[in-house]
1. In the stretch 72-89, what residues are under 23 Å from Glu35 (Cβ atoms), polar (S, T, N, Q) and open to solvent by 20 Å² or more (accessible area, probe 1.4 Å)?
2. Within the stretch 42-64, count every residue that is assigned to a helix (DSSP H, G or I) and either touching a Pro at 6+ places or on another chain (Cβ under 8 Å) or open to solvent by less than 40 Å² (accessible area, probe 1.4 Å) (or both).
3. Just to verify a result, which residue in the stretch 1-23, among those that are hydrophobic (A, V, I, L, M, F, W, C), surrounded by 16 or more Cβ atoms within 10 Å (Cβ to Cβ) and assigned to a helix (DSSP H, G or I), is nearest to the chain's Cα centre (by Cα)?
4. Of all the residues that make up the stretch 24-39, how many are open to solvent by 50 Å² or more (accessible area, probe 1.4 Å), among the acidic types (Asp, Glu) and under 20 Å from Thr3 (Cα atoms)?
5. Which of (1) touching a residue at least 12 places away in the same chain (Cβ under 8 Å); (2) under 14 Å from Phe6 (Cα atoms); (3) not in a loop (DSSP other than H, G, I, E, B) does Lys94 not meet, given it meets every other one?
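The values are calculated or read from the model by the stated rules, or taken from the named source; none is laboratory data. Computed from a predicted structure; not experimentally measured. Virtual Cβ from ideal backbone geometry, glycine too; neighbours counted across all protein chains shown. The area values use the complete protein model at the heavy-atom level, side chains included, leaving out ligands, DNA and RNA. Shrake-Rupley method; radii C 1.70, N 1.55, O 1.52, S 1.80 Å.
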Amino acid sequence: MNTHTFIFAKITPKAEYFDIATKAVTDIIPSTRNEPGCLDFVLHKDDNGSLYLYEEWSDEQALQQHHDMTYTKAVFSAYQEWLATPPEITKMTKLV
């Protein structure tokens, strides 16, 4: 059975913070992808002003270590001002 942790996160910045919020996430992608346990970390956007993260982690511990990184905490902190709505985070486990 696959024990990987999958995350889909919808992030909706206020319009005036869209570019800086996008840059904040894109800036941490290389470091995040180099973290032990990170199998995938991809950023997407839609035409309605939302960002979407797709993440795959080897396990829950790897995800927690990512959340403990200084650069991740800095983005989460900035979100307090930048986001129009709280992030919508869905954690899933692969079945097949």
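1. Ser77 - this is the single residue of the stretch 72-89 that is under 23 Å from Glu35 (Cβ atoms), polar (S, T, N, Q) and open to solvent by 20 Å² or more (accessible area, probe 1.4 Å).
2. Number satisfying all stated conditions: 2.
3. Applying the filter and picking the extreme gives Ala21.
4. So the answer is 0.
5. (3)
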